[in-house]
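Computed from the coordinates by the stated procedures, all read-outs in this text should not be read as laboratory data. Remember, predicted model here, so these are calculated numbers, not experimental data. Please note: Cβ atoms are built from the backbone with ideal geometry, for glycine as well, and neighbour counts cover all protein chains shown.
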Amino acid sequence: MELGSEYSDYKKQKGGKSQSKSSKDDEKSTAHVVLLYIPNRILDLLDIIRFDIGVGPSLGAVVRVTPYGQAGARFMMPVSLRAGLRGRKLPVFIEHTNELGVGPLFLSSDDRKPSILEVGAGADLFLVGAYAGISIDSIADFALGIFGLDPSDDDL
């Protein structure tokens, strides 16, 4: 028996309002889903594209086919100021961590976390750099979101 449940049963017997909490939550969640449908689809669409450009002393290149199929070497000397699309994260960031390795031994940047099915490539040459990629799992999330599903569980 849950603490306080005897009171809620007593209140129902005495003629108090007996609208269950679950029906209130259902009404709120339905209204919530309807009102945020368009903003959530826009955010899901923005999650697909990964693109940024950077300025600052850096050198190297990287190729990604999921986080387990990465290869390359990029060195920030000491930082690179980046701007662009990278999911729902801030569009401007400072990348200061080097990337180096191949496959599962790849040490990725703490500032750049690829999605589980991201495919992309980037290169930095002294003072300028760029990265472009596509998040395939976000394409699936966007497509299923049109039908009210949210496999990434990232809707507002």
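Among 150, 124, what is the fewest-to-most ranking by other Cβ atoms within 10 Å?
Exposure proxy ranking, most exposed first: 150, 124.
Using the Kirkwood radius over C-alpha pairs as Rh, can you work out the diffusion coefficient of region 49-135 via Stokes-Einstein at 25 °C, viscosity 0.890 mPa s, in µm² per second?
198 µm²/s
What ranking do 135, 29 get, fewest neighbouring Cβ atoms within 10 angstrom at the top?
Result, fewest neighbours first: 29, 135.
With 10 angstrom as the radius, rank 90, 125, 46 by how many other C-beta atoms surround their C-beta, starting from the fewest.
90, 125, 46
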